[in-house]
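Trainee: Here it is, the structure in full.
The values are calculated or read from the model by the stated rules, or taken from the named source; none is laboratory data. Because the structure is a prediction, the values reported are computed rather than measured. Backbone-built Cβ (ideal geometry, glycine too); neighbour counts: all protein chains shown. Note: areas computed on protein heavy atoms with side chains; ligands, DNA, RNA excluded. Shrake-Rupley method; radii C 1.70, N 1.55, O 1.52, S 1.80 Å.
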Amino acid sequence: MSNQHKHPTISFRISDAERKQIEARILASGMMKKDYFVRSCIYNRICVVGKKETIYPLVQTVNALYLQLLEMQKVFTSSDRNIDTLPSSDEINKLQTECTNMLTAIIDLLDGAKYLWEGDRHEQ
């Protein structure tokens, strides 16, 4: 058994009322509890509640990601590049997965918060 590798566990505390609501939804879905939680976390829309200041750290993260991507583009398209300065295929695949996951999360968060700035656009 010591050679078995288990996936990480995610846990959180909820009230009795929240537990009853969640269990009712799980029962209605017909899914196993694990599958319900995983799908809920990954596929449900994220609603951001707050002010524009709440979103600003996300904007900073997107900007930092943008700058990293620009730097990578320079390396890939540079005329003086050589094989030693380019990342390996494994590094590129890992970076692509990380960027895709981060971008998807940021886009989902910003999509849930766009009411914060769309209202300003309509008022002008």
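Trainee: Could you tell me whether region 66-89 includes any residue that is in a helix (DSSP H, G or I), modelled with pLDDT under 75, under 28 Å from Phe12 (Cα atoms) and of a type outside the set (Gly, Ala, Ser)?
Mentor: No - not one qualifying residue is present in region 66-89.
Trainee: Filter region 13-29 for residues that are β-branched (Val, Ile, Thr) and part of a helix (DSSP H, G or I) and give the result.
Mentor: Ile22, Ile26
Trainee: Looking for whichever is modelled with pLDDT under 75, open to solvent by less than 100 Å² (accessible area, probe 1.4 Å), touching a helix residue (DSSP H, G or I) at 6+ places or on another chain (Cβ under 8 Å) and assigned to a loop (DSSP other than H, G, I, E, B) here; the options are Val48, Val62. Which one fits?
Mentor: Val48
Trainee: Another question, if that's okay. Please work out which residue is least open to solvent (accessible area, probe 1.4 Å), limiting yourself to region 101-114 and to residues that are within 8 Å of the chain's Cα centre (by Cα) and within 23 Å of Gln73 (Cβ to Cβ).
Mentor: Of everything passing the filter in region 101-114, Ile106 is least open to solvent (accessible area, probe 1.4 Å).
Trainee: If you take the residues of region 29-41 that are open to solvent by less than 100 Å² (accessible area, probe 1.4 Å) and either closer than 24 Å to Gly112 by Cβ or of a type in the set (Ser, Thr, Tyr) (or both), which of them is modelled with the lowest pLDDT?
Mentor: Filtering region 29-41 for residues that are open to solvent by less than 100 Å² (accessible area, probe 1.4 Å) and either closer than 24 Å to Gly112 by Cβ or of a type in the set (Ser, Thr, Tyr) (or both), the one modelled with the lowest pLDDT comes out as Ser29.
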